[in-house]
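Worksheet: the structure to be examined is printed underneath.
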Amino acid sequence: MRNGPATRLKDGDYIMATATRTTQTCRNFINGHWVESLSSKTMERRNPANLDEVVAIVPLSTRDEMRQAIAAAKAAFPMWRDTPAPVRGRIIAKAAALMTEQKDEVARILTHEEGKTFKESLIEVQRAINILEYMAGEGQRLAGQTLPSEQPKTFAYTIKQPLGVVGAITPWNFPVAIPVWKAAPALVTGNTMVLKPAEITPLTAIKIVEIFTEAGLPAGVLNVVLGAGADIGDELVQHPDVHAVSFTGSNEVGGLIYAAGARKMKKCQCEMGGKNPIVVLADANLRLAVESAASGAFGSSGQRCTATSRVVVEDQVADQFVSLLVERAKEFRTGDGFDENVTVGPLVAENQMETVLRYLEIGKKEAKLLVGGARMTGSAYDRGLFVAPTVFDHVKCDSTIAQEEIFGPVLSVIRVPDFEEALRVANSVKYGLSSSVYTNDAAKMLAFIDRIETGMTHVNSSTVWSEAHLPFGGTKGTGIGLREMGSVAIDFYTELKSVYIDYSAQRQ
């Protein structure tokens, strides 16, 4: 036994839950059944806060197993397509209610296998619940249009129809929210799905499927196959019975998936990297901007596509801003996400830590290191993958650490003389996911909104925030295809059909 996560009570106190930690041998979910993989290859998933602990044994499933899952989804499609959309919506709503009841359990699984703090895990699970609740309503909002026809006695309208079998390939950094925000719109619109989650976060995917199944989702409608992207992910993309693929992950893989989808003439949606700026102007509330920059950079250990990775600050207030930022960065506590006092968890895996450490060494040559900059060591850290929250100052806008996505708790400060240069620097990367500006100048606020090259932007708030009923996605190298979340999410998972009904007198 070991102490489980802290659960916050209404009065702000904490209680400790205890849970038995056991290594789970994972199975695939195909046609409504949990089935052991036929593959002889497996991998160990270890707790990133304690590498001595094996969390799961994950099968590296075969292409044939992926084909079986696709076949099950194809067979289930006619029944699910013909299920009335409001009925499908009620199943999604039931899943939301079940996830609400099991919120702490899902969050514990998330912290255990991915590493983020328990508080952050609770926030992610709540986000998934919000998405389910919103998408459940789409079952009663799948509207088309009625339009006047040029022809007499002709009724013209449009309807939205499901595609068939769709595939989802999801990352490890938000292993509850992202599978949910792909599955919910796909299922409520009448598609069936095969999910290929990241192989290092299988337990959250398993729990999501258990919740959907308990909610009443019929066999074959949602299937999960565990394993490596190069094998089963590629099979999912290439298979002729899969009509669309939604992917979240790296630019390298996303580009390959989009190209493969184009060759196969199937819809693809790829959400990829980010290098998100906060622009701090001279009239900004500096303490508010500092809090936003620090939490955006170091929360979730910097492992989110919307993380704040650059601060573009006007020279006039740069020294004061940087002084406050360093002071705030030192207040973050790194450690096991189940420790109620920890605010920054471990990095997710050893290869990710190696990548971050490589960028830290590059940064030391390109800029001035102010705080952090190394792997954390000592009795509390040696068994885990902990990197100190890091701030670099006097970063050049064309330097490596200012241009490339690091995906760790690393923040680069870029000093600029004025607003125009701040905009140029903010737009100087290949990515375009999220951005923020801190100012009280209404003209500059509106100019920033008009000219910033990102799919989402904020004024006097963090780059990381998004809501279930608003579209999520980016421009430039961040996103290809239609947006996720919000009412527009259903557009990717449906085809639009135009209908003409001639009701003139029957001709003899």
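The values are calculated or read from the model by the stated rules, or taken from the named source; none is laboratory data. These figures come from a predicted structure and were not determined experimentally. A quick note on method: Cβ atoms are made from the backbone with ideal geometry, for glycine too, and the neighbour counts reach across all protein chains shown. Heavy atoms of the whole protein, side chains included, go into the accessibility calculation; ligands, DNA and RNA do not. Shrake-Rupley method; radii C 1.70, N 1.55, O 1.52, S 1.80 Å.
Key figures
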item	result
Cubic angstrom per residue, convex hull over Cα atoms of the chain	170
Carbon and sulfur %, accessible surface of the stretch 259-350 computed with the full protein complex present, 1.4 Å	45
Solvent exposure of the chain as accessible area per residue, Å², 1.4 Å probe	42
Whole-Hz couplings from phi, Karplus 6.51/-1.76/1.60, listed for the stretch 42-51; x for Gly and Pro	9, 9, 8, 9, 9, 5, x, 8, 7, 5
Sequence ranges 172-184, 27-39, 67-79, ranked by mean other-Cβ count within 10 angstrom, highest first	172-184, 67-79, 27-39
Burial ranking of peptide ranges 460-469, 234-243 (average Cβ count within 10 Å, highest at the top)	234-243, 460-469
Angle in degrees between helix 286-298 and the longest Cα principal axis of the chain, rounded to the nearest 10	60
Assigned charges on the beta-carbon of Lys, Arg, Asp, Glu; the stretch 364-508 dipole about Cα centre (debye)	340
Percent of beta bridges antiparallel (DSSP, the chain, rounded to nearest 5)	45
More than 13 angstrom apart: percent of Cα pairs within the stretch 213-277	68
Between 0 and 90°, nearest 10: helix 442-451 axis offset from the chain longest Cα axis	60
Nonlocal amide H pairs with VAL55, under 5 Å, H built at 1.01 Å	ARG45, ARG46, ASN47
Prolate/oblate/rounded call for the stretch 66-137, Cα gyration tensor, a/c under 1.5 rounded	oblate
Degrees, to the nearest 10: 85-101 long Cα axis against longest axis of the chain	30
Peptides ranked, highest mean first, by Cβ atoms within 10 Å: ranges 209-218, 138-147	209-218, 138-147
Gain upon complete extension [HIS394, ASP104; 0.36 nm per residue less C-alpha separation]	100.2 nm
